[in-house]
Structure formats: structure tokens, C-alpha cells
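Report on the structure given below.
The values are calculated or read from the model by the stated rules, or taken from the named source; none is laboratory data. It should be emphasised that the depicted structure is a prediction, and the values quoted were computed from it without experimental measurement. Methodologically, a virtual Cβ is constructed for each residue, glycine included, from the backbone with ideal geometry; neighbour enumeration extends over all protein chains shown. Heads up: the accessible areas ignore ligands, DNA and RNA and are worked out on the full protein's heavy atoms, side chains in. Shrake-Rupley method; radii C 1.70, N 1.55, O 1.52, S 1.80 Å.
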Amino acid sequence: MAQFRPGSDPMKAMAQALAEDGVLFRDYQAGGLTLAEIVDTTLRMSKLGLIDIYEQAQLGEDVNLLIVVDQF
């Protein structure tokens, strides 16, 4: 589960929430970019960016992802 507040940059906030250890990826070893930067870039690449990053995480077909956006 990823929970965040959108703030002034909602895509970046969502990317940071999804990049937290254990949300989509576990024990990610950074090469050049941070996981948050990779997630942010993937989210912004297309309308299907969220689906793309979810598929890249390879969580399995029986795993669901719940994203809660607190807009207040």
C-alpha cells in the first residue's frame, strides 16, 4: 500500500511513495538513478506509467496495489 499527499508535485510525491522499500520493490540496489527517479520517469512517460511500473515490480498476479491519495 502506498499513501501520500500530492502537494505541489503530485507525480513526484507518488513516485517517492511507490519507491519506498517494500511497496513495489524490495532491497533495490541503486545503479545510477535512485528508485524514486526511475519510478517518477516511468510514471511520466505515458498514461500507462503506473501500470508499467507495477508490471516492472513483478509482484505476481495475486498481488494488488492500493494507492491512497490524501488531497488535503
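Among the residues of segment 1-36, how many are over 15 Å from Tyr54 (Cα atoms) and either of a type outside the set (A, V, I, L, M) or at pLDDT below 90 (or both)?
Number of matching residues: 16.
Restricting to segment 37-58, and then to whatever is among the hydrophobic types (A, V, I, L, M, F, W, C) and within 20 Å of Asp70 (Cα to Cα), can you tell me which residue is modelled with the lowest pLDDT?
Kept after step one, since they are among the hydrophobic types (A, V, I, L, M, F, W, C), are these residues of segment 37-58: 38-39, 43, 45, 48, 50-51, 53, 57.
Then keep just the ones that are within 20 Å of Asp70 (Cα to Cα); that gives 39, 43, 50.
Numbers: Val39: 94, Leu43: 94, Leu50: 91.
Per the criteria, the residue is Leu50.
Here is a list of conditions, (1) open to solvent by 50 Å² or more (accessible area, probe 1.4 Å); (2) over 12 Å from the mean Cα position of the chain (by Cα), and Pro6 meets all of them except one; can you say which number that is?
Condition not satisfied by Pro6: (1).
Within the set of pairs 6+ apart or on separate chains, which have a first residue in segment 42-64 that is of a type in the set (Asp, Glu), a second that is surrounded by 10 or more Cβ atoms within 10 Å (Cβ to Cβ), and C-beta atoms under 6 Å apart?
Filtered contacts from segment 42-64: Asp52/Thr42.
Can you name every residue in segment 9-19 that is exposed (fewer than 15 other Cβ atoms within 10 Å of the Cβ) and of a type in the set (D, E, K, R)?
Selection gives Asp9 alone.
Looking at segment 30-46, which of the residues that are in a helix (DSSP H, G or I) and hydroxyl-bearing (Ser, Thr, Tyr) is surrounded by the fewest Cβ atoms within 10 Å (Cβ to Cβ)?
Thr41
Identify, please: which residue in segment 47-72 is charged (D, E, K, R) and open to solvent by less than 100 Å² (accessible area, probe 1.4 Å) and is, among those, nearest to Arg5 (Cα to Cα)? Reasoning before the result, please.
Our first condition is that a residue be charged (D, E, K, R); within segment 47-72, this holds for 47, 52, 55, 61-62, 70.
If we keep only those that are open to solvent by less than 100 Å² (accessible area, probe 1.4 Å) too, we end up with 52, 70.
Values: Asp52: 22, Asp70: 5 Å.
Among residues in segment 47-72 that are charged (D, E, K, R) and open to solvent by less than 100 Å² (accessible area, probe 1.4 Å), the one nearest to Arg5 (Cα to Cα) is Asp70.
Could you list, in sequence order, all residues of segment 1-36 that are over 16 Å from Val69 (Cβ atoms) and free of Cβ contacts under 8 Å to residues at least 12 places away in the same chain?
If the condition is that a residue be over 16 Å from Val69 (Cβ atoms) and free of Cβ contacts under 8 Å to residues at least 12 places away in the same chain, then Asp21, Gly22, Arg26, Asp27, Tyr28, Gln29, Ala30, Gly31, Gly32, Leu33 are the ones that fit.
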